[in-house]
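Data block below; observations after.
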Amino acid sequence: MTVRTPEPVQVVKQRRDDALAAIVAAIPYIQFLNVSFERRGDELTAVMAYRDTLIGNPALPALHGGAIAAFLEVAAVIELTWATAWAAIEDGTLTPEAITSGHQFALPKTIDFTVDYLRSGLPRDAYARATINRSGRRYASVHVEAWQDNRDRLFAQGTGHFLMPDANSAKAD
């Protein structure tokens with residue numbers, strides 16, 4: 001029996017960061033919204049950095065509802081993709097190059113997405129974290145919560161249902 005030598009922690013962290021960057025790059029709208037992701041192990045937090053262009057009502061001022069909804073949906077899609085690709089990223093079978101080229105990788109498709117606006121989004125950075133309620137071969141359900149200054153004071157939450165990519169068609173050239 002051959003024992004596999006553990007990889008240096010820097011190599012593992014770099015592979016995870018590169019894979020996350022490749023997944024995020026697969027959705028160009030993420031750059032438009034100015035969303036980034038902070039990774040701690042397998043847990044992701046989405047961060048939408050504040051910009052004046054995100055304001056929908058300048059009289060309040062408040063973040064635009066469409067920007068909030070898109071932020072929540074992007075957080076859900078990235079979390080779902082990250083969670084389903086985690087094992088392949090960890091063992092090195094799903095490389096950042098494969099994600100970027102798209103030959104071995106496909107994103108889930110949104111079936112529906114419902115947003116609850118709990119209070120006005122203030123003109124400051126927003127954070128979101130998604131939780132996968134159910135994930136199967138064909139369907140997934142994800143819940144997302146967004147906050148700004150205090151995690152206990154949510155300003156929006158969303159629930160989405162997604163069609164998972166077919167594992168066989170995702171690997172086809």
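FYI, it's all coordinate maths here, none of it is from the lab. Keep in mind the model is a prediction, meaning the values are calculated, not measured. Neighbour counts are summed over all protein chains in view; Cβ atoms, including those assigned to glycine, are modelled from backbone coordinates with ideal geometry.
Quick notes
- Filtered residue count, segment 36-53, keeping only those that are free of Cβ contacts under 8 Å to residues at least 40 places away in the same chain and aliphatic (A, V, I, L, M): 0
- Selection within segment 13-27 - touching a residue at least 24 places away in the same chain (Cβ under 8 Å) and either closer than 18 Å to A87 by Cα or not in a loop (DSSP other than H, G, I, E, B) (or both): R15, R16, D18, A19, L20, A21, A22, I23, V24, A25
- Residue tally, condition over 14 Å from L44 (Cβ atoms), assigned to a helix (DSSP H, G or I) and not acidic (D, E), over segment 78-95: 2
- Sub-9 Å Cβ pairs linking a first residue in segment 60-71 that is in contact (Cβ under 8 Å) with a residue 12 or more places away in the chain to a second residue that is part of a strand (DSSP E or B) and of a type in the set (F, W, Y), at least 6 apart or interchain, are L63/F155; G65/Y117; I68/Y117; I68/F155; A69/F113; A69/Y117, ordered by first then second residue.
- Against the test of being touching a Lys or Arg at 6+ places or on another chain (Cβ under 8 Å) and either surrounded by fewer than 16 Cβ atoms within 10 Å (Cβ to Cβ) or farther than 17 Å from D166 by Cβ (or both), the options I132, I68, I89, I78 yield a single qualifying residue, I89.
- The condition of being under 20 Å from D42 (Cβ atoms) and either charged (D, E, K, R) or in a helix (DSSP H, G or I) (or both) holds for only one of A69, A75, that being A75.
- Residue among T93, T53, T81 that alone is more than 20 Å from the chain's Cα centre (by Cα) and closer than 15 Å to I30 by Cα: T53
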